[in-house]
Amino acid sequence: MSTDGIRTVEVALGARRYPVWIGRGLLGDAARWRARLRGRHALVVSNTTVAPLYLERVAQGLEGLHWSSFLLEDGEAHKSFANVGRVLEALAALGATRDACVIALGGGVVGDLAGFAAACWMRGVDFVQMPTTLLAMVDSSVGGKTGVNLPAGKNLAGAFHQPRAVVADIDTLATLPDREYRAGLAEVIKGAAIGDEDFFAWLEANADALAARADAPLAEAIARKVRYKAGVVARDETEQGERALLNLGHTFGHALETAGRYTTLLHGEAVAIGMLLAARLSERLGMGPAADTARLRRLLVRLGLPTGVPAGSDPQHLLDRMRLDKKNTAGALRLILWRGIGRAEIVAGVPEPAVLATLEEACR
Ligand code: NAD
Ligand code: MG
């Protein structure tokens, strides 16, 4: 940490490397982030919830540039191709050139869509992520996956396009609803569960402080998760191997999300339940110790996350949905399982009866 309390994590991608700054007051600290803008044009993409709260802080830093803003309606439904088109039109109206910068101010919905629009405008211009949800700070703003939903499914259209910087201003979390905050914590826990047992132990030791959003532990938790993800991304930018580990809990989780038509569970909540199901399945297959499943469950509970599948869930129906996952090869399930905390593995050819038995047990 530097003397001003700002933590910096580098995403080491050679010529495309970039900093993730984490701390208080960063949106107003234009002296830091404006240097990442190369040209004279900027378009701020945000939404109707976040802009009234935080756009002004960013606007002050844009003085003297040709800039405008484009606001999405709030919600996952607006992460659409049609809105990418509207953002591109806003760039055209601004007269944006090749050295323009798109600034994404908001949660993962805004970041994914704005990043994708930046990837498209003149075949790719700079963008800067200014994440305002915990999930976006620790997950979606880092790593360069951008995209939108299609009627056929979530995140089906997209591009790898790395940001020029990530400005994670922790002050913005003050207005984030509790449930969204806890959903973000699930993605923090996930990083520790996959590959960092020391971090997991640290989360256990600091669970109460994190649940209470205490400043210093929160900044530390964000920085540690970002450092972990940045390492994975630097080693496997386009998910040829290791990056798939970041999907721990996600195949189970996506099945739960789609079964609930995305209305009953937030993504992070589905991931929390999904990680626990992955741990239980690992146990059933003789891979992971029961004691570690119990530790994961306790930590999720302490951080206010759900651990049980929604009432009325149907095991066979969930298994059917898991079969549709992009990661599968024909006839076999490919899942992220673990040998215990911090030791996740990609496992191909997972026997369906074991998956079904795990789901049946959870649905009882
Ligand atoms: P979100 O963007 O919908 O934000 C959640 C809610 O919080 C919204 O209502 C939003 O308006 C509101 N909000 C945002 N910041 C706020 C603030 N500071 N104060 C008050 N309210 C605020 O959801 P999310 O959880 O941030 O992101 C989910 C999206 O991220 C999904 O579309 C998912 O596919 C995507 N995602 C992408 C990646 C990636 O690698 N690109 C990774 C994980 C998730
Ligand atoms: Mg996720």
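Here, each number is a calculation from the coordinates, and none is a lab measurement. Just so it is clear, the structure is predicted and the values come from calculations on it, not from any experiment. Using ideal geometry, Cβ is built from the backbone for each residue, glycine included, and neighbour counts are taken over all protein chains shown.
Per-structure values
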{"read-out": "Matching residues in the range 262-293 - criterion: being away from ligand 1 (no atom under 15 Å from the Cβ) and farther than 17 Å from residue 352 by Cα", "value": "264, 273, 276, 288, 289, 290, 291, 292, 293"}
{"read-out": "Any hit, the range 2-22, residues being under 22 Å from residue 173 (Cα atoms) and assigned to a helix (DSSP H, G or I)", "value": "no"}
{"read-out": "Residues located in the range 143-197, provided they are within 11 Å of ligand 1 (Cβ to nearest atom), buried (at least 24 other Cβ atoms within 10 Å of the Cβ) and of a type in the set (Val, Ile, Thr)", "value": "146, 172"}
{"read-out": "Subset of the range 281-296 that is assigned to a helix (DSSP H, G or I) and over 19 Å from residue 197 (Cβ atoms) - its residue that is nearest to ligand 2 (Cβ to nearest atom)", "value": "281"}
{"read-out": "Residues that are of a type in the set (D, E, K, R) and not in a strand (DSSP E or B), drawn from the range 121-144", "value": "123, 139"}
{"read-out": "Hits in the range 145-170 - residues which are in a loop (DSSP other than H, G, I, E, B) and either more than 23 Å from residue 324 (Cβ to Cβ) or touching a Lys or Arg at 6+ places or on another chain (Cβ under 8 Å) (or both)", "value": "161, 162, 163, 164"}
{"read-out": "Residue ID - nearest to residue 334 (Cα to Cα), chosen from residues in the range 250-265 that are β-branched (Val, Ile, Thr) and within 16 Å of ligand 2 (Cβ to nearest atom)", "value": "251"}
{"read-out": "Some residue of the range 343-352 being part of a helix (DSSP H, G or I) and farther than 30 Å from residue 109 by Cα", "value": "yes"}
{"read-out": "Residue selected from the range 170-215 under the condition under 24 Å from residue 263 (Cβ atoms) and among the charged types (D, E, K, R), by the criterion farthest from ligand 2 (Cβ to nearest atom)", "value": "178"}
